[in-house]
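The values are calculated or read from the model by the stated rules, or taken from the named source; none is laboratory data. Owing to the predicted nature of the structure, the values given are computational and were not obtained by experimental measurement. Neighbour counts are summed over all protein chains in view; Cβ atoms, including those assigned to glycine, are modelled from backbone coordinates with ideal geometry. The accessibility values were calculated without ligands, DNA or RNA, using every heavy atom of the protein model including side chains. Shrake-Rupley method; radii C 1.70, N 1.55, O 1.52, S 1.80 Å.
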Amino acid sequence: HAQTMDYPIGAVLSVSDGPVNDSKGTPYFFVSKLEDVAQDIEVDPRCSLVMTMAQGDYCKTHNLDPQFPTCGQVWLVGNLEKVANGTEDETFARKALFTRHPSMAHWPKDHHFYFMKLNIEKVAVQDYFGGPVYVDLKEYYGTTP
C-alpha cells in the first residue's frame, strides 16, 4: 500500500544532457508516471537540480566533503516539462539517456515511462567560499563539451 505525501518530495533520477561528446546543457530524465515526481509536476513543475564534483573523483582525491564549498556544485533551477512524443527532442532525449544509462532501454513498458526535461531559468555555481556565482544562460548554453 503506497502512501501519498501532501507536499512534493525529492527524487533520485538519472540524468543526461546528451551523449558523450554531444552534451547540450539541458537535463533530460526518464520517469514513470507511477513515480511521485511525475505526479508532483502536474501540480507544480518547478524544480532544482544540484550536481556536485563529488560525482567524480575530484572531491575524493582532494579529501573534500560534497557539502564543502570547494567541492564544486552547480544548481540548475527551472521547470520540468514532458518531452513531446515523435519530436526531435524526444529522439535526442532517448539517445542522451540510453547511451549513458543503457539499462533504461529495457525498463518495464507497463510502467509507462516518458521523457522529461528541465527548462533552465537560473544557473548558479559554487566552487569557493562566499556564496554562488550566477551564470548568464547565454554563457551556460554557449559552452562546448
In order over the range 127-136: 3J(HN,Hα) from phi, Karplus 6.51/-1.76/1.60, θ = phi - 60°, whole Hz, x for each Gly or Pro, gives 9, 7, 6, x, x, x, 10, 8, 9, 4
Zone reached by a paramagnetic label modelled 7 Å from LEU137 Cα along Cα→Cβ, restricted to the range 18-46 with backbone N below 19 Å, covers 18, 24-29, 45-46
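Where in the range 76-130 are there GluC sites (Glu not before Pro) that are in a DSSP coil and have at most 16 other Cβ atoms within 10 angstrom of their Cβ?
Within the range 76-130, no GluC sites (Glu not before Pro) qualify (loop, at most 16 other Cβ atoms within 10 Å).
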Once LEU13 and TRP75 are pulled to full extension, the length gained, defined as 0.36 nm per residue separation minus their Cα-Cα distance, is 20.8 nm
Here the FRET efficiency for ASP89 versus SER48, based on Cβ atoms and R0 = 22 Å and rounded to 0.05, is 0.50
Under the Karplus relation with 6.51, -1.76 and 1.60 and θ = phi - 60°, whole-Hz ³J(HN,Hα) for the range 68-73, x at Gly and Pro, equal 5, x, 7, 8, x, 9
Yeah, the range 6-94 with a ≥ b ≥ c from its alpha-carbon gyration tensor (a/c under 1.5 is rounded, else prolate when a/b outruns b/c, oblate otherwise) is oblate
Hits in the range 7-38: amide N under 11 Å from the 7 Å Cα→Cβ extension of THR99, namely 17-24
Taking Cα atoms, the helix 88-100 axis meets the longest principal axis of the chain at an angle in degrees (rounded to 10) of 70 degrees
Probe 1.4 Å, heavy atoms of protein chains only: per residue, the accessible area of the chain in Å² is 68 Å²
Length gained if SER23 through GLN55 is fully extended, taking 0.36 nm per residue and subtracting the Cα-Cα distance, is 9.8 nm
Once the in-chain neighbours fewer than 8 apart are removed, the aspartates and glutamates whose Cα is under 12 Å from LYS95 read ASP17, ASP22
Check: C-alpha center the range 92-116 vs C-alpha center the range 10-84, spacing in Å is 16 Å
